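Below you'll find the structure, written out as structure tokens, and then a few comments.
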Amino acid sequence: MAKLYFRYGAMNSSKTANALMVKYNYEEQGQSVIITKPAIDTRNGEHRIYSRCGLESECVLFNELREEDIKKVDCLIVDEAQFLSKEECEFLVHVVDDLDVPVICYGLRADFKGDLFPGSHWLLAWADTIEEVKTICWCGKKATFNARFDENGIIKHGKQVVLGANEKYTSLCRKHWREGNLGDKK
């Protein structure tokens, strides 16, 4: 029986690397996989998924997915799932419940303001299995928040999505996010 998985984590928790490793593991066992991402994510090319540790793969954009192709695979993997809409998350539920294809989603839970992303909201509500991909704050505690910062410190206002600005983000524990404490990044 297929399930809908949501594996979330703060920035730099190796979510994309995990997605690419899961793809590799399926393929190594002779199973077929589609890996996809929302079209909004153009950082590494339109049809490319790339992790900071150097793993990469061609991908299909989410809006290009065709049900007849999904029916032929053993697993659908979604990177950057936080950018999905409610309707796209409903489609993933359909893939699992009606097509009996497992779906493994990777993404951020919340933005730099601490607000849920739309896709994350619905995946947290509807996923069969929710798992945290962990990373650490500069202090060594578990990082659960994404902080956007500039030369003046942490920013907690502005557009929810700013792509390709990795040098302006870091992962923090809740205490340091609340305090605006970037440690030695300041």
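Which of the residues that make up region 138-156 are closer than 25 Å to residue 19 by Cα, in contact (Cβ under 8 Å) with a residue 12 or more places away in the chain and open to solvent by less than 80 Å² (accessible area, probe 1.4 Å)?
Those that are closer than 25 Å to residue 19 by Cα, in contact (Cβ under 8 Å) with a residue 12 or more places away in the chain and open to solvent by less than 80 Å² (accessible area, probe 1.4 Å): 143, 144, 145, 146, 147, 148.
Considering each of 159, 134 in turn, give the residue that is open to solvent by 80 Å² or more (accessible area, probe 1.4 Å), at pLDDT 85 or above and either closer than 25 Å to residue 6 by Cβ or assigned to a strand (DSSP E or B) (or both).
Working: 159 fails: at pLDDT 85 or above.
When all the criteria are applied, what remains is 134.
Among the residues in region 20-42, are any in a helix (DSSP H, G or I), charged (D, E, K, R) and under 17 Å from the mean Cα position of the chain (by Cα)? I'd like the intermediate steps shown before the answer.
Applying the first criterion (in a helix (DSSP H, G or I)) to region 20-42 yields 20-28.
Pick out the ones that are also charged (D, E, K, R) and you get 23, 27-28.
The next check asks that each one be under 17 Å from the mean Cα position of the chain (by Cα); those that pass are 23.
Yes, there is a match, as at least one residue in region 20-42 is in a helix (DSSP H, G or I), charged (D, E, K, R) and under 17 Å from the mean Cα position of the chain (by Cα).
Considering only region 128-137, I want to know if a residue exists there that is among the polar types (S, T, N, Q), touching a residue at least 40 places away in the same chain (Cβ under 8 Å) and under 20 Å from residue 73 (Cβ atoms).
Taking every residue of region 128-137 in turn, at least one turns out to be among the polar types (S, T, N, Q), touching a residue at least 40 places away in the same chain (Cβ under 8 Å) and under 20 Å from residue 73 (Cβ atoms).
Give me the pairs: first residue in region 1-20 and over 21 Å from residue 96 (Cβ atoms), second residue acidic (Asp, Glu), beta-carbon distance under 7 Å, and six or more apart or on different chains, which are they?
Partner pairs satisfying both residue conditions: 9/132; 16/79.
Counting just the residues of region 32-90 that are touching a residue at least 40 places away in the same chain (Cβ under 8 Å) and small (Gly, Ala, Ser), which one comes out farthest from residue 133 (Cα to Cα)?
Step by step, filter region 32-90, then rank; the result is 32.
If you check 107, 140, which single one turns out to be touching a helix residue (DSSP H, G or I) at 6+ places or on another chain (Cβ under 7 Å) and modelled with pLDDT of 95 or more?
Values: 140 fails: touching a helix residue (DSSP H, G or I) at 6+ places or on another chain (Cβ under 7 Å).
Of 107, 140, the one residue that is touching a helix residue (DSSP H, G or I) at 6+ places or on another chain (Cβ under 7 Å) and modelled with pLDDT of 95 or more is 107.
The values are calculated or read from the model by the stated rules, or taken from the named source; none is laboratory data. Because the structure is a prediction, the values reported are computed rather than measured. Ideal geometry is used to build each Cβ from the backbone, glycine not excepted, and the neighbour counts take in all protein chains shown. The protein model used for the area step is the full one, side chains on, heavy atoms only, and it has no ligands, DNA or RNA in it. Shrake-Rupley method; radii C 1.70, N 1.55, O 1.52, S 1.80 Å.
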